[in-house]
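To start, the structure itself, in structure tokens.
The values are calculated or read from the model by the stated rules, or taken from the named source; none is laboratory data. Quick caveat: nothing in here was measured; it's all calculated off a predicted structure. Note: ideal-geometry Cβ built from the backbone for every residue, glycine included; neighbour counts use all protein chains shown.
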Amino acid sequence: GVSPRRLLSLNNSTRIAGIRLGDLRYERQAIKIGNHSGNSFTLLLRHLTQKPEMIKNSVLNLASSGFINYFGHQRFGDGGGSGLPPIEVGKLLLSGKWSEVIKTMMNPNCVRSDSERQAKMAFMQSRRQDALRILPRSCHDERIALQNLLKGCSDGQTCRFLPHRTLFMCAYWSHVWNRVASYRIEKYGNRLAIGDLVRYTTSEQDDGDFHLLHPNDFSISSSEAIHVVQEADIQEEKFSVFDVVLPLPGKGVTMIWPENEAGNFVKNLLEQDGLLNAVLNPFAPSGYCVLRNLIMRPRNLKFKLLRYNNGSDGIICGHHLETGEVSYFGTTRKKSNKVEERSWLAVQLRFQLPSNVFATMALRELCKVHGGIVEQYKRRKDAEEVEAKVSKKVKKERLEKIWRRLEKKGFKEDWRTKLADQLASWRVNYFHGRPLSGENLDDDDR
């Protein structure tokens with residue numbers, strides 16, 4: 001087996017930058033497929049401009065009303081490190097259009113770098129050897145495809161060897177489910193509708209935690225576990241919108257369709273893509289289709305409002321060490337009872353989600369923003385720029401404060417330059433006004 005020491009040594013490795021390992025312990029039984037019931041999250045939203053009361057109400061609304069259980073952008077991948085459109089490639093793979101798969105993969109308009117564009121242009125000009133030589137190694141699928149084509153494999157054989165072949169097909173099915181979920185909410189809102197599919201719960205599961213204690217994706221052994229909502233069910237309030245499930249289409253499974261406009265929508269969508277006949281198999285060998293909850297609520301949701309000074313402040317505490325120190329994202333700083341003035345508002349969230357439920361979609365609902373990669377990156381960069389400006393201003397104000405104190409003690413104006421040079425030579429990094437390294441200033445001069 002792998003020793004704890006070896007696992008913890010990965011925290012100092014650049015191969016998993018941004019990830020920390022911890023809370024290691026031995027167990028009598030190994031974890032097997034199906035044992036994973038969910039994930040616990042501790043998240044921090046920084047640079048909030050809303051009023052604390054508004055933030056509190058938004059978090060409470062997320063806890064009570066939940067969020068649309070979309071597949072997050074992680075499900076769609078990033079094209080295997082290239083500019084591949086995974087949904088389109090997945091649709092073509094499922095349709096068996098092998099030559100179009102190759103053309104789409106090698107499209108010079110779907111790239112992330114100049115070298116990738118040059119390689120794909122070379123492929124379009126029938127210079128396959130040059131294309132393979134120029135193509136970046138991050139383009140795994142394209143490189144595998146080129147290597148097999150150069151060996152004389154057919155387009156169909158080449159497509160079967162794609163490393164992310166399954167990911168591409170899952171991306172398409174997930175995209176279909178997301179579109180159906182959006183249509184269902186747009187058509188009927190957050191309420192039960194006639195023709196919806198709901199799954200039965202037992203008396204032990206009626207405590208409201210049923211959806212949280214069980215994975216939201218599951219394969220049922222018979223259609224008897226699913227009920228089609230009737231008018232009487234709505235009047236008697238036997239079910240709620242949290243019981244509604246939507247089918248995840250797939251090949252080789254027996255589909256169960258909602259008996260309302262949502263069911264018609266997904267059929268029309270698959271028919272437009274030429275894949276309806278592929279899923280209409282009444283005697284599928286793999287049993288019934290996977291069903292996924294429309295609305296999810298985070299379990300054990302807790303939050304805390306925090307104040308911080310700049311983006312470098314580690315304000316999520318890690319594990320408490322035996323020395324009485326606290327770990328902040330892997331660095332250790334002494335505790336301080338000193339009350340500091342903070343300039344930004346943040347909210348710390350702790351909650352649990354079942355497996356295959358995406359925390360990014362919970363944040364999407366909480367923040368009322370788009371959950372795409374590009375939008376998230378842009379918002380993060382904007383926040384970092386604002387915090388950098390504020391941090392620079394705060395540091396300048398601290399130096400001005402030190403200079404004013406020195407002037408009161410009789411130092412001349414040119415001491416500003418000398419002091420700045422001295423601080424630079426000490427390589428002092430200020431954290432809430434305290435030097436973390438180098439020589440310390442006298443208490444009166446801090």
Residue check, residue 99 touching a residue at least 24 places away in the same chain (Cβ under 8 Å), within 24 Å of residue 168 (Cβ to Cβ), surrounded by fewer than 18 Cβ atoms within 10 Å (Cβ to Cβ) and touching an Asp or Glu at 6+ places or on another chain (Cβ under 7 Å): yes
Flag for residue 138 being touching a strand residue (DSSP E or B) at 6+ places or on another chain (Cβ under 9 Å) and not β-branched (Val, Ile, Thr): no
Candidate set from segment 147-196 (those that are touching a residue at least 24 places away in the same chain (Cβ under 8 Å) and over 29 Å from the mean Cα position of the chain (by Cα)); member that is surrounded by the most Cβ atoms within 10 Å (Cβ to Cβ): 158
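Out of 77, 18, 72, which single residue is in the same structural domain as residue 362 (by TED's automatic domain parsing), within 27 Å of residue 365 (Cα to Cα) and of a type outside the set (Phe, Trp, Tyr)? Talk me through it step by step, then tell me what you get.
On the way: 77 fails: in the same structural domain as residue 362 (by TED's automatic domain parsing); 72 fails: in the same structural domain as residue 362 (by TED's automatic domain parsing).
Of 77, 18, 72, the one residue that is in the same structural domain as residue 362 (by TED's automatic domain parsing), within 27 Å of residue 365 (Cα to Cα) and of a type outside the set (Phe, Trp, Tyr) is 18.
Right, residue 89: in the same structural domain as residue 116 (by TED's automatic domain parsing) and in contact (Cβ under 8 Å) with a residue 40 or more places away in the chain or not? If you could, list the steps in order and put the result at the bottom.
Details: in the same structural domain as residue 116 (by TED's automatic domain parsing): yes; in contact (Cβ under 8 Å) with a residue 40 or more places away in the chain: yes.
Against the criterion (in the same structural domain as residue 116 (by TED's automatic domain parsing) and in contact (Cβ under 8 Å) with a residue 40 or more places away in the chain), residue 89 qualifies.
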Any hit, segment 25-42, residues being modelled with pLDDT of 85 or more, within 23 Å of the chain's Cα centre (by Cα) and crowded, with 17+ Cβ neighbours inside 10 Å: yes
Residue in segment 71-80 that is in contact (Cβ under 8 Å) with a residue 60 or more places away in the chain and of a type in the set (Lys, Arg) present: yes
Boolean, residue 49 is surrounded by fewer than 16 Cβ atoms within 10 Å (Cβ to Cβ) and not small (Gly, Ala, Ser): yes
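If you check 220, 256, which single one turns out to be touching a Cys at 6+ places or on another chain (Cβ under 8 Å) and modelled with pLDDT under 90? Give the steps one after another, and end with the answer.
On the way: 220 fails: touching a Cys at 6+ places or on another chain (Cβ under 8 Å).
Exactly one of 220, 256 is touching a Cys at 6+ places or on another chain (Cβ under 8 Å) and modelled with pLDDT under 90, namely 256.
I need a count of the residues in segment 236-253 that are surrounded by 18 or more Cβ atoms within 10 Å (Cβ to Cβ) and out of contact with any Gly (no Cβ under 9 Å at 6 or more places or on another chain). Working first, answer last.
Taking segment 236-253 and keeping what is surrounded by 18 or more Cβ atoms within 10 Å (Cβ to Cβ), we get 239, 241-250, 253.
Next, only the ones that are out of contact with any Gly (no Cβ under 9 Å at 6 or more places or on another chain) stay: 239, 243-246, 248-250.
The total comes to 8.
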